[in-house]
């Protein structure tokens, strides 16, 4: 099943072309990595695919319906977006924050019930925050806040996940644990922007590369993880190291 699709998508910000004529299909069970240099427009593209900003041209479809035609609550029942950074404008506990993920599934005057709490507790446990459910969010470390943001998405229970640098602020252990969950078997599809080529190689079945000038390349990791392609992507020499654990890519 195709969960999210773009056809002929042009994305432009401040006169810079992020992508031109992008045809993309996120299908069941796929985990896509979005790679590009600093300032290449990864965040802008994710926001466009989420329907938060209009494209310069082309369309985005969520489960076969143009996303701009859907009510935002309906979009939020199918698509979850992890922002690059989290803010805490109001005092709230970890549990209260996680429960925000249930709001798209509730009517205007409805309160969370025990099932909602069970879903939130399970999500917090999955990121190692179960014992911190009563803590105020503004007392958490950067890594704990990142894990809480991901738990809130898990609480939202959407088939499509668009993730802006999900490994931000996480130590290597937490990166492995959370990316294994995000990239694990699922009915829906994931697209995540990453800075680490090797995390993309390890966890992503498919890649979307944002090259200079709005050119894009998409395909499987086996097709695109090539030193010539990566050097074009980042503008710096890249070396591939072979090991019994697979390939690793490092700057020359």
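We did not get these values from a lab; they are worked out from the coordinates using the rules stated. Everything numeric here is computed off the predicted structure, so don't read it as measured data. Note that we place each Cβ from the backbone using ideal geometry, even for glycine, and neighbour counts take in every protein chain shown.
Here are the numbers:
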| quantity | calculated |
| --- | --- |
| Computed lengthening from residue 223 to residue 138, 0.36 nm per intervening residue step minus Cα-Cα distance | 26.3 nm |
| Within a Gaussian network of the chain (alpha carbon springs, distance under 10 Å), most fluctuating of 151, 56, 98 | 56 |
| Difference of contour (0.36 nm per residue) and Cα-Cα distance, residue 59 to residue 87 | 7.1 nm |
| DSSP-defined beta bridges in the chain - what % are antiparallel, rounded to 5 | 60 |
| Rg/Rh (Cα only; Kirkwood hydrodynamic radius) as it applies to the chain | 0.97 |
| Gaussian network model of the chain, springs between alpha carbon atoms under 10 Å - residue of 80, 134, 214 with greatest fluctuation | 134 |
| Ordering of 43-51, 191-199 by packing [mean C-beta count within 10 Å, highest first] | 43-51, 191-199 |
| Within a Gaussian network of the chain (alpha carbon springs, distance under 10 Å), most fluctuating of 90, 203, 154 | 90 |
| Rg/Rh ratio calculated on Cα atoms of segment 12-79 (Kirkwood radius) | 0.95 |
| 222 nm mean residue ellipticity, helices alone, for the chain (DSSP H n ≥ 4; -39,500 (n - 2.57); rounded to 500) | -9000 deg cm²/dmol |
| Stretch gain in nm, segment residue 69-residue 250, where the contour uses 0.36 nm per residue and the Cα spacing is subtracted | 60.8 nm |
